[in-house]
1. Pairs of alpha-carbon atoms within less than 8 angstrom and 6+ residues apart define the contacts here; what relative contact order does the chain have, in percent?
2. In the chain, carbon and sulfur make up what percent of the accessible area (probe 1.4 Å)?
3. For the chain, with the dipole built from +1 on Lys and Arg beta-carbon atoms and -1 on Asp and Glu ones, taken about the Cα centre, which of Ala287, Ala412, Ser801 lies farthest toward the positive end?
4. What shape does the range 601-724 have by the C-alpha gyration tensor, where a ≥ b ≥ c are the square roots of the eigenvalues, rounded means a/c under 1.5, and otherwise prolate means a/b greater than b/c and oblate the rest?
5. Taking 56 Å as R0, compute the FRET efficiency from the Cβ-Cβ separation of Lys702 and Leu419 and round it to 0.05.
6. Determine the relative contact order of the range 381-456: mean sequence separation of Cα pairs under 8 Å and six or more apart, normalised by residue count, in whole percent.
7. Given a 1.4 Å probe and heavy atoms of the protein chains only, how would you sort Ile625, Ile747, largest accessible area at the top?
8. What figure, in Å² to the nearest 10, do you get for the accessible area of Thr306 with a 1.4 Å probe and non-protein molecules left out?
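The values are calculated or read from the model by the stated rules, or taken from the named source; none is laboratory data. All of these numbers come straight from a predicted model, not from anything done at the bench. Here the Cβ positions follow ideal geometry from the backbone for every residue, glycine too, while neighbour counts run over all protein chains shown. When the accessible area is computed, the model is the full protein with side chains, heavy atoms only, and any ligands, DNA or RNA have been set aside. Shrake-Rupley method; radii C 1.70, N 1.55, O 1.52, S 1.80 Å.
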Amino acid sequence: MIDLSKNDLLCADNSENYYFCRIRFLFILAQIYNMVQKTTLIAKGTKKKPQQPNLNYSFLIITIIYGCLAVAVPNLHALDSNGTKFLALSLLNLVTFGCLSGNKNIRERPSSCFILFRNGVGMAYTALMVFSILSFFKSTNLAESVLHFTKIFTVFTAAYFVSIFCVTDKRYISYLCGVMTLLLVIDCLSVFSGVILYIQGKIPILSEVKSVYANKNCLASAIFVKIPFAIYLMLFDRKWLKTLGITGLLFSITATLLLSTRAFYLGIAVLVFVLIIFFFIRYRQTADKYFLRLMLLFLGIIVSGTVLFSVTQGYFYPKSKDTYNKNVMSRLSTISTAETSAGLRLGAWKWSWHAFNESPLLGVGIGNWKIVTIKEENLTAPDFSSRMVKAHNDFAEITTETGIFGGLSFLAIFLLTGLAFIKALFRRSTPQSIAILFLPAFGLLCYSFDAFFNFPQDRPEIQSLFALYVGMSVAFSAFYNQGQVSSPPEKSGRWSSKWMQSHFHKSGHATNGREAKTGLVFIRVFLGILYGTTLIFCSFILYENFTSLKLQRLIRDDIANGTFTHPADMFLNGFPAIPTIDIHGEPIASLKARYLINEQRNEEAIQLLKHDRSSPFDGRCEFHIAYAYNNQNNFDSSLVYLEKVYRMNPLFFLNISHLCDMYQKKGMGAKVEEMLDSYLYKVKTNKDAWSYTSTYYVNAGKLPEAVSVIDSASKYFPSDSLMIKQKMAIDRKSMVLPYMTLYNEAIEAYNSRKYDIASRYFSELLIKIPGFAEALEYRADCYLILKDYKKCILDIDLVISGGGNRSRLYNLRGICCQNLGNITEACENYKVASEMGDQDGSNNYAKLCKPGKK
């Protein structure tokens with residue numbers, strides 16, 4: 001209490017303790033103010049807001065780095081930047097593990113480290129890891145399973161660490177949303193910059209707009225999956241962060257529409273629908289018109305983004321036939337099973353279903369989808385270059401690889417997160433609980449669209465977002481379920497390790513509190529060492545993958561350039577043990593064999609390929625073995641392996657042509673005809689096959705069959721110059737064969753410059769073969785030299801009307817018209833010849849028909 005009875009409150013100016021008196025007076029006033037404040041608060045029935053602890057900025061920075069790291073990491077000369085990014089993510093996990101291990105609060109309150117395993121979402125994610133490991137028993141390629149599991153475990157660990165950060169302090173969410181929305185704005189600005197270049201004609205097609213991502217679809221995915229961060233700021237933050245969220249949402253909607261990605265057109269529609277329902281429910285629950293204003297603001301942003309896109313596409317885009325240069329409805333109308341992209345996806349999903357049926361419980365092995373589905377893809381694949389290495393649907397691919405329980409575990413992550421948000425919404429929980437569950441729920445909703453139509457599991461920049469959303473889902477749904485929305489679990493004491501204590505007491509390992517505590521510490525240390533060792537192992541595997549990717553890039557550059565610029569020993573000794581297939585699905589042994597065969601080390605290549613079991617259904621190893629045997633003139637062995645390739649890849653025509661060559665050497669003409677006819681019955685669009693088959697029949701002396709084949713080919717390739725030339729050659733052989741003596745005499749006279757005799761021979765030949773274009777053209781040349789210009793024009797007209805539409809003929813007709821005094825017609829013919837690329841026609845047009853000439 002304050003004693004006001006003393007007079008030393010009144011300090012005299014001449015007092016020697018004046019300054020001390022004044023200080024004591026100010027102190028007493030402060031005490032009085034404090035008492036008044038307390039009295040007022042008690043009167044109002046309120047309590048003073050407790051001071052929040054300081055943020056752990058190291059945890060905050062690491063959380064933000066998880067969201068941004070994958071975007072910032074370059075490929076470092078690797079063939080695929082994803083390998084480099086997964087490696088960087090695993091190294092970040094090691095750093096994070098060290099920070100958590102050295103954090104005093106985590107050591108004193110270790111319960112937050114177990115939250116992942118006592119939460120529905122966390123347990124579903126953990127179950128997915130378990131079923132992924134069990135799928136190893138069914139793996140065709142165990143090395144690929146180890147590599148793929150390392151990647152998904154790295155993402156799992158990232159989500160685990162994010163959940164620990166968020167459970168210790170949920171305030172990280174605002175900072176994270178701010179940074180990720182800034183990154184979203186940057187991505188959108190890169191889209192706008194690329195679109196401007198497209199409008200200016202500096203980029204030929206919209207698919208070239210891809211920023212730092214692999215392609216346009218990956219850029220669209222990175223934008224769409226980050227939209228929930230902007231929405232969160234718009235709904236739940238204030239002042240400039242709210243403005244940032246509005247800006248990010250407007251930019252992202254506009255950019256997504258500009259990128260013309262149909263999957264995310266559908267995603268935007270669903271997102272708008274779900275958010276409208278959310279606003280309506282909140283308005284009905286609270287009767288607060290603020291939610292109606294938010295809904296109108298949100299719809300205004302959607303409409304504004306759509307208008308910006310429509311105006312840009314309708315008035316500024318070049319008038320081209322670019323597939324992506326269409327409005328929203330036109331793009332959506334292109335979705336059909338006949339369309340290439342949709343057809344490939346449906347095909348991959350069908351293969352997934354068939355592979356799943358073969359092993360529904362344990363799956364075909366994590367990472368082995370691209371290996372086991374090849375045997376079905378081979379039946380329709382025209383070559384090895386069109387391999388589908390991803391299912392373009394993570395739900396289908398994960399289920400195929402890990403079995404039904406693995407697929408359900410993955411699906412449960414999304415369903416349980418959405419269910420937690422819905423429960424919080426309909427139970428009229430506090431606004432804070434709804435807010436913190438909003439971000440993971442809508443984040444995983446957006447992610448699910450990418451996962452259903454693409455393969456974000458293989459893209460670290462999207463997996464980083466998945467780790468953030470799942471980590472927040474684990475932490476925040478735990479808060480909601482335990483009723484601890486307002487405070488972290490450690491401070492409430494509800495997340496103590498009771499199950500561990502109970503286990504120790506039941507198992508008899510401890511008889512008092514001190515021994516139990518010692519046992520718990522021992523287990524935590526053991527688990528920590530085990531987990532740290534696992535993370536180091538993951539980093540090692542991913543580093544090996546990174547090393548392999550750098551070598552793969554050198555090989556793919558050589559293949560693209562058509563030259564082998566590196567020695568074979570560089571790759572024989574340089575490739576690590578993992579992986580055993582490259583990112584295109586080709587066995588590493590096959591890549592090495594290319595260089596061995598190029599150096600004529602055929603026997604080494606054969607032995608290397610024979611011992612490779614990395615992809616038993618691929619066929620490339622067998623094809624290279626056949627090639628190596630052929631180089632050794634061991635044609636029988638080569639034929640054996642060519643037949644193996646044919647059984648695996650019945651529509652691979654390069655192999656069929658080699659196989660037919662072998663059969664011809666063995667005099668097996670009937671086998672050749674059967675194989676070629678069977679191929680052409682199935683495939684109509686391979687020009688090389690039509691050409692090879694018609695040539696084979698010509699060489700076999702079966703001209704009627706050759707004519708039939710080339711006539712069919714001309715229907716599918718009516719304007720192909722090589723096909724036209726081959727048809728003319730076969731037609732000539734077919735027609736001239738009975739009159740070969742007369743034809744040879746005519747050609748001999750023409751070559752001897754006896755043009756009058758040659759013209760008579762060609763006239764006689766034309767009587768026997770009416771409309772024979774080659775004879776007409778030769779006779780036209782003779783008439784031109786003999787200055788019989790009218791007959792020359794008649795023959796040229798017959799050739800052109802018969803389909804011989806060549807520039808030389810127009811030039812010859814121009815010369816005839818000029819000599820007959822028909823200058824206008826001559827100029828018209830010279831002009832046509834010039835436009836078709838005839839140099840003589842161009843010269844004649846310039847001399848006769850340019851301005852000033854008569």
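1. 13 percent
2. Numbers: 24890 of 41550 Å².
Of the solvent-accessible surface of the chain, carbon and sulfur hold 60 percent.
3. My answer, from the dipole projection, is Ala287.
4. Prolate shape, in that a/c is at least 1.5 and a/b is the bigger ratio.
5. Values: r = 71 Å, r/R0 = 1.26.
Efficiency, rounded to the nearest 0.05: 0.20.
6. 43 percent
7. Ile747, Ile625
8. About 50 Å², ignoring ligands and nucleic acids.
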